[in-house]
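*Asks:* Sharing a structure, written as structure tokens. Questions coming.
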Amino acid sequence: MRALVAGGAGFLGAHLCDRLLQKGYHVTAVDNLSTGFLENIASLENHNNFQFIRHDICSSLHLEVDEIYNLACPASPVHYQSDPLQTLRTNIMGSMNLLELAKENGAKIMQASTSEVYGDPLVHPQKELYWGNVNPMGQRSCYDEGKRCAETFFYEYHKQKNVDIRVVRVFNTYGPKMHPNDGRVISNFIIQALRNAPLTVYGKGLQTRSFCYVDDLIRGIMAFNDLQETCDFPVNLGNPEEFTVLELAQFIIELTNSRSKIVFCPLPQDDPQKRRPDISLAKKILGWQPIVPLKEGLLRTISYFDTELSYAQPNVVV
Ligand code: NAD
Ligand code: UDP
């Protein structure tokens, strides 16, 4: 089987490439390296079944492929807000280009959608049937609306052009290969704690998130892909254990034995107040649920960042 992983040099994409190679796939990773890094896939470079193509999915691409995984899009709010038009283009034109490629090849295609399609949810936990509460003109809208539009493209390509689709709504996922400058909460807090620097809690830290370890997520993606029948509906993948951001900060200080204090910084606009996936659909149709507890996942991630920081990168700013 030949798989194309768009966004293959990013955090999740690199883990997915690795897993697909282990399963015997021929893997082509496509990435414009805007937030991804070749270091993430350095260990795959000499693999006979792996190739990397530097390419922006906003331009069309033509190659022979059996499965496509679209993970190309910055996921960190700091990154996707740095060029909102590019975020929109990536989600809309990029998704359309990959759907066209799927149609040309009769390939199966998966979209990495997001819990952000629920916006700042008024329903808790979030089930797939919830329509969401999204601000169409806030600073998160380029991502939220871009991802919602991408989903619609997927459903319509399935309905009108019979493309075999999978749409997975990914909730906050963390682990090794997140970039130290990524700006997301777990990478920020771990690096700050390892440096005994203050942990920057936004707002009062009472907003909640549910954190899924990367291996669990990739296992869920593979199980969804393996489902025989095409799916014209989205599936949530995430860990339903919910924590406040303040609890997370305290936990990371404890696990790193850090001397860090906590500082409170302004809460960004439209920051969702609560987030937790309802994963009953994934449990029912995939037999999937996360198995890595937060403590274990954090310890593995701390160990990864500890090694990364020991290569001394004075330019890592969080
Ligand atoms: P990431 O930023 O580490 O990876 C995204 C990759 O896409 C990067 O390598 C980047 O260079 C590449 N990319 C961006 N725009 C591109 C373009 N136009 N053409 C080609 N490549 C492009 O982020 P991630 O955490 O690995 O997220 C991967 C996917 O999963 C994203 O689509 C994201 O929206 C989705 N997702 C992730 C999470 C999470 O918690 N990690 C949560 C929800 C959804
Ligand atoms: N956050 C924080 N300090 C940081 C980075 C993030 O308090 O240094 C908060 C952020 O306001 C949000 C949560 O942590 O409430 C998760 O942020 P992240 O950027 O990881 O992802 P989001 O779920 O907001 O897309």
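*Asks:* Using a 10 angstrom Cβ neighbour count of at most 16 plus a DSSP loop assignment to flag exposed GluC sites (Glu not before Pro), which longest range of the chain is free of such sites?
*Replies:* 65-228
*Asks:* So what are the radius of gyration and Dmax for the Cα set of segment 125-187, in Å?
*Replies:* Just the Cα atoms of segment 125-187 yield Rg and Dmax of 15.0, 42 Å.
*Asks:* What ranking of 66, 215 comes out by heavy-atom accessible area, probe 1.4 Å, highest first?
*Replies:* Accessible-area ranking of 66, 215, largest first: 215, 66.
*Asks:* Next up: According to the square roots a ≥ b ≥ c of the eigenvalues of the Cα gyration tensor, what is the shape class of segment 36-92, taking rounded for a/c under 1.5, prolate for a/b larger than b/c otherwise, and oblate for the remainder?
*Replies:* Oblate shape, in that a/c is at least 1.5 and b/c is the bigger or equal ratio.
*Asks:* Explain nothing, just the number: relative contact order of the chain, from Cα pairs under 8 Å at least 6 residues apart, as a whole percent.
*Replies:* 17 percent
*Asks:* Between residue 232 and residue 23, what's the calculated FRET efficiency when r is the beta-carbon distance and R0 is 25 Å? Round to 0.05.
*Replies:* The computed FRET efficiency comes out at 0.45.
*Asks:* Let me ask you something else. If I take every Cα pair under 8 Å that is 6 or more residues apart in segment 150-257, average their sequence separation and divide by the length, what percent do I get for the relative contact order?
*Replies:* Relative contact order comes out at 38 percent.
*Asks:* Trypsin sites (Lys or Arg not before Pro) within segment 75-112: which are DSSP loop residues with at most 12 other Cβ atoms inside 10 Å?
*Replies:* none
*Asks:* Compute the separation of the alpha-carbon centres of segment 279-305 and segment 8-33 and state it in Å as a whole number.
*Replies:* Centre-to-centre distance over Cα atoms comes out at 20 Å.
*Asks:* Highest mean first, how do 4-13, 202-211 rank when packing is the count of other Cβ atoms within 10 Å averaged over residues?
*Replies:* The peptides rank, most packed first, as 4-13, 202-211.
*Asks:* Give me the one-decimal Kirkwood hydrodynamic radius in Å for the chain, with the sum taken over alpha-carbon pairs.
*Replies:* 19.8 Å
*Asks:* Could you look at the chain and say what percent of its accessible area is carbon and sulfur, using a 1.4 Å probe and all protein chains?
*Replies:* Roughly 52 percent, rounded to a whole number.
*Asks:* Using a Förster distance of 30 angstrom, determine the FRET efficiency expected from the C-beta separation of residue 222 and residue 200, and round it to 0.05.
*Replies:* 0.30
*Asks:* Shifting gears a bit: Between the DSSP loop rule and a limit of at most 13 other Cβ atoms within 10 Å, which trypsin sites (Lys or Arg not before Pro) in segment 216-295 are left?
*Replies:* Sites meeting the loop and neighbour criteria: 259, 261.
The values are calculated or read from the model by the stated rules, or taken from the named source; none is laboratory data. Please read these numbers as outputs of a predicted model, since none were measured by experiment. Heads up, the Cβs are rebuilt from the backbone with ideal geometry, glycines too, and the neighbour counts pull from every protein chain shown. Surface accessibility is based on the protein's heavy atoms, side chains included, excluding ligands, DNA and RNA. Shrake-Rupley method; radii C 1.70, N 1.55, O 1.52, S 1.80 Å.
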